[in-house]
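Data first, discussion second: the structure below is written as structure tokens.
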Amino acid sequence: MLDRSWIAAHIPHQGAMCLLDEVMEWSDAAILCRTMSHLNADHPLREGDRLGAAHGIEYAAQAMAIHGALLADCDGPPRQGYLTSVRGVRLHVPRLDDGPGALWVRAERLTGDANHVMYSFSVEQAGRCLVEGRASVVLDASALRGATP
């Protein structure tokens with residue numbers, strides 16, 4: 001199990017924007033993370049008194065970033081990845097912060113290469129799927145600047 005301090009050292013998200021608390025399991029194909037950050041009153045994505053379900057996409061994106069860091073297995077600074085598309089997103093609840101217990105964030109790598117990756121993802125709580133979908137990520141946008149179409 002990898003904790004929040006390991007996560008913060010390996011992804012670009014810092015401080016309160018580092019949303020995931022633990023990596024529970026991972027393989028070359030998938031990752032499962034756990035968090036209680038959705039219940040924090042000072043959550044950086046909270047609007048008023050609520051944390052909308054669409055923010056589950058950010059939780060999933062951070063799980064993908066952690067997965068990429070684990071696969072890269074390097075001690076250098078974290079690579080900046082960018083979500084380029086989300087598709088088939090289904091929000092099964094209006095908000096993330098009104099249910100009991102931890103959020104479980106799963107991401108499964110469907111396909112990809114050194115700079116582009118596609119994942120399916122889900123955010124669950126107490127065995128109930130809250131958010132699910134697919135996301136495409138560019139892992140190093142600076143490497144694409146010199147590329148020609």
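So the values come out like this:
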{"read-out": "Residue list for the range 39-54, filter: out of contact with any helix residue (DSSP H, G or I) (no Cβ under 8 Å at 6 or more places or on another chain) and in contact (Cβ under 8 Å) with a residue 40 or more places away in the chain", "value": "L39, R46, R50, G52, A53, A54"}
{"read-out": "Residue check, T84 closer than 26 Å to A114 by Cα and hydroxyl-bearing (S, T, Y)", "value": "yes"}
{"read-out": "Qualifying residue in the range 121-132 (condition: outside any strand (DSSP E or B) and either among the basic types (K, R) or within 16 Å of the chain's Cα centre (by Cα) (or both))", "value": "no"}
{"read-out": "So R4, is it farther than 15 Å from F121 by Cβ, in contact with an Asp or Glu (Cβ under 6 Å, 6 or more places away or on another chain) and either among the basic types (K, R) or crowded, with 17+ Cβ neighbours inside 10 Å (or both)", "value": "yes"}
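Here's the yes/no breakdown for (1) surrounded by fewer than 16 Cβ atoms within 10 Å (Cβ to Cβ); (2) closer than 20 Å to H13 by Cβ:
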residue: T84; (1), (2): yes, yes
residue: H92; (1), (2): yes, no
residue: P100; (1), (2): yes, no
residue: G112; (1), (2): yes, no
residue: S122; (1), (2): no, yes
residue: V131; (1), (2): no, yes
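Every number here is computed from the coordinates shown, using simple stated rules; none is lab data. Model, not experiment: these values are computed from the prediction. Note: ideal-geometry Cβ built from the backbone for every residue, glycine included; neighbour counts use all protein chains shown.
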